[in-house]
1. Does the range 120-137 hold any residues that are crowded, with 20+ Cβ neighbours inside 10 Å and touching a residue at least 40 places away in the same chain (Cβ under 8 Å), and which are they?
2. What is the number of the single condition among (1) within 30 Å of Y37 (Cα to Cα); (2) touching a residue at least 40 places away in the same chain (Cβ under 8 Å); (3) assigned by TED's automatic domain parsing to the domain that holds L110 that Y49 does not meet?
3. State the number of residues belonging to the range 153-205 that are in the same structural domain as D87 (by TED's automatic domain parsing), aliphatic (A, V, I, L, M), within 11 Å of the ligand (Cβ to nearest atom) and in contact (Cβ under 8 Å) with a residue 40 or more places away in the chain.
4. Among the candidates S130, S118, single out the residue that is in the same structural domain as S90 (by TED's automatic domain parsing), under 21 Å from R83 (Cβ atoms), of a type in the set (S, T, N, Q) and part of a loop (DSSP other than H, G, I, E, B).
5. Only one residue in G32, G5 is without any contact (Cβ under 8 Å) to a residue 60 or more places away in the chain, within 26 Å of A99 (Cα to Cα), in a loop (DSSP other than H, G, I, E, B) and open to solvent by less than 90 Å² (accessible area, probe 1.4 Å). Which one?
Amino acid sequence: VSHLGMTGSFRVETELQPPRRHDHFELTFEGGKRMIYHDPRRFGFLKIYPTSTVHQSSHLAGLGLEPLSNNLDGETLHKLFNRPRRDLKSLLLDQGLVAGLGNIYALEALHLAGLAPSRKGSSLSPLEASKLTTALITVLRAALDSGGSTINDYVNASGDPGYFQHQFAVYGREGEACPHPDCEGTITRISQQGRSTYFCPSCQI
Ligand SMILES: [Zn+2]
């Protein structure tokens, strides 16, 4: 089980090369290929578990539904988010409900679904819950197709950055025109639970 933290990255080397500073782990495969974990700030981790107990590890046991599995649909999300006191952004970031969404993908999905981040979970209609589910899946698939998002440090195993940051509709775009074709709104930034929220007040209701 591994997490990249802030600055972690894996790389694969086919020929023996001298280690780099901040390389922490190396796995050599039959045939000589090596997978190396590199992490200057050391917020990441890598732990080894037997296959039979890995899902009970503290890192995985509390996780909610995997958004790209068949377990998540509009009806399920509608039930899961039926909370009168919690807003949509905090529900999306709750790893115990839906796993794997951070600030960026939660905000991009809310914009695509046309939903305000401050809406309470229990105010979602079944149709809105279904729209939000579709938006989540669309945003995550598009991000994966673009190799992820590189804000500072993220690189894949070939050392290449992701490109999804060039497609952000709202994240980091305060003051810019809303990219939605039928909207003349301006992207606005507010703070929610101490973190930046970017959204369009005109088309996200
Ligand atoms: Zn808009």
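The values are calculated or read from the model by the stated rules, or taken from the named source; none is laboratory data. None of these values were measured; they are calculated from a predicted model. Neighbour counts are summed over all protein chains in view; Cβ atoms, including those assigned to glycine, are modelled from backbone coordinates with ideal geometry. The area values use the complete protein model at the heavy-atom level, side chains included, leaving out ligands, DNA and RNA. Shrake-Rupley method; radii C 1.70, N 1.55, O 1.52, S 1.80 Å.
1. G121, L124, A129, L132, T133, L136
2. (3) is the only condition that Y49 fails.
3. 2
4. On the way: S130 fails: part of a loop (DSSP other than H, G, I, E, B).
Going through S130, S118 in turn, just one is in the same structural domain as S90 (by TED's automatic domain parsing), under 21 Å from R83 (Cβ atoms), of a type in the set (S, T, N, Q) and part of a loop (DSSP other than H, G, I, E, B): S118.
5. Residue meeting the stated conditions: G5.
Table: residues versus (1) outside any loop (DSSP other than H, G, I, E, B); (2) assigned by TED's automatic domain parsing to the domain that holds L132; (3) open to solvent by 70 Å² or more (accessible area, probe 1.4 Å); (4) in contact with a His (Cβ under 7 Å, 6 or more places away or on another chain).
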residue	(1), (2), (3), (4)
E15	no, no, yes, no
F43	no, no, yes, no
N82	no, yes, yes, no
K89	yes, yes, no, no
